Amino acid sequence: MTFTLPELGYSFDALEPHIDARTMEIHHDKHHAGYVAKLNAAVDGTEYSDKTLGELISNLDALPEDMRGAVRNNGGGHWNHTLFWKVMAPGSGDGPSGEFADSINNAFGSLDGLKEAFANSAATRFGSGWAWLVSDSNGCLTVVSTPNQDNPIMDSNCCPILGIDVWEHAYYLNYQNRRPDYITAWWNVVNWGVVHEFWEKAKAGEPCSCCSG
Ligand code: MN3
């Protein structure tokens, strides 16, 4: 399979003022495109070229040592950014609703409790990485963080349904060293409808496949 860079689904300036157009353009067209190109370079022409992205990064141990690192970093990068673009939208509208809102309340007390756990996880990730809201197949929610381009599916059965990129390339033009301000502003562009859909699929026991194509 040759992996391709997905469309953003909205314009580069759609998330302003929370995320600026220049950051979005470089992030999507350069950083994400780079992960896709390097992933293809690692996998093309090997016996692993017919695997899906999800199969590759959730079975890293099965890969030969000389391609494992490239698939981990660039396959993880491709998966992570594909989710990231999907869980954001301009004018994100209403917050979580229905059973999904109940599940958030059960796990974190309230939506604010989730935001606090998430912000702590994202702000304290040393160096580059991600913070995630993950669901197990019972719909149970947890907040975790991963370094670099690692993804929770690399070593757990939990599926990420929301994630924030806290690499400096995601915010430095606008926020410089103020990672907490970026994290606070980012909630304004979270697309809760899509996060809710991903949670429903995780809870239904479907493979964690939102970004595996
Ligand atoms: Mn990034």
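Restricting to DSSP H runs of at least four residues, report the calculated mean residue ellipticity at 222 nm for the chain, -39500 (n - 2.57) per run over all residues, nearest 500 deg cm²/dmol. Intermediate values should be presented prior to the final figure.
Numbers: 10 runs with 87 residues, N = 213.
Calculated at 222 nm, the ellipticity per residue is -11500 deg cm²/dmol.
The mean sequence separation of alpha-carbon pairs under 8 Å and at least six residues apart, normalised by the residue count of the chain, gives a relative contact order of 26 percent.
At 1.4 Å probe radius, can you tell me the per residue accessible area of the stretch 20-213 in Å²?
Details: 8540 Å² over 194 residues.
Computed with neighbouring chains in place, this is 44 Å² per residue.
Our coupling estimate for the stretch 192-199, obtained by passing each phi through the Karplus curve with A = 6.51, B = -1.76, C = 1.60 and θ = phi - 60°, is 5, x, 5, 4, 4, 4, 4, 5 Hz, Gly and Pro reported as x.
Quick one: net charge around Trp85, please, counting Lys, Arg +1 and Asp, Glu -1 for every other residue with C-beta under 13 Å from its C-beta. Show your work: numbers first, answer last.
On the way: positive: Lys86; negative: Glu7, Glu25, Asp29, Asp165.
Residues near Trp85 contribute -3 overall.
Net charge near Asn74, counting Lys/Arg +1 and Asp/Glu -1 over other residues with Cβ under 13 Å of its Cβ? Write down the numbers at each step before the final one.
On the way: positive: Lys38, Arg68, Arg72; negative: Asp44, Asp150.
Local net charge: +1.
I'd like the carbon and sulfur percentage of the solvent accessible area for the stretch 1-156, probe radius 1.4 Å, heavy atoms only, ligands and nucleic acids excluded.
Working: 3340 of 7230 Å².
Carbon and sulfur: 46 percent of the exposed surface of the stretch 1-156.
In the stretch 20-213, the inverse of the mean reciprocal separation of distinct Cα atoms equals 17.1 Å; this is its Kirkwood hydrodynamic radius.
Calculate what fraction, in whole %, of the accessible area of the stretch 157-213 sits on carbon and sulfur atoms when a 1.4 Å probe is rolled over the protein chains.
About 49 percent, which is the carbon plus sulfur part of the accessible surface.
Would you work out the relative contact order for the stretch 1-60, in percent, from Cα pairs under 8 angstrom that are 6 or more residues apart? Walk me through the numbers on the way to the answer.
Values: 30 pairs, mean separation 24.4, N = 60.
Rounded, it is 41 percent for the stretch 1-60.
The values are calculated or read from the model by the stated rules, or taken from the named source; none is laboratory data. Treat the numbers as computed from the prediction; the structure is a model and nothing was measured. All Cβ positions, glycine included, derive from the backbone under ideal geometry; neighbour counts span all protein chains shown. The accessibility values were calculated without ligands, DNA or RNA, using every heavy atom of the protein model including side chains. Shrake-Rupley method; radii C 1.70, N 1.55, O 1.52, S 1.80 Å.
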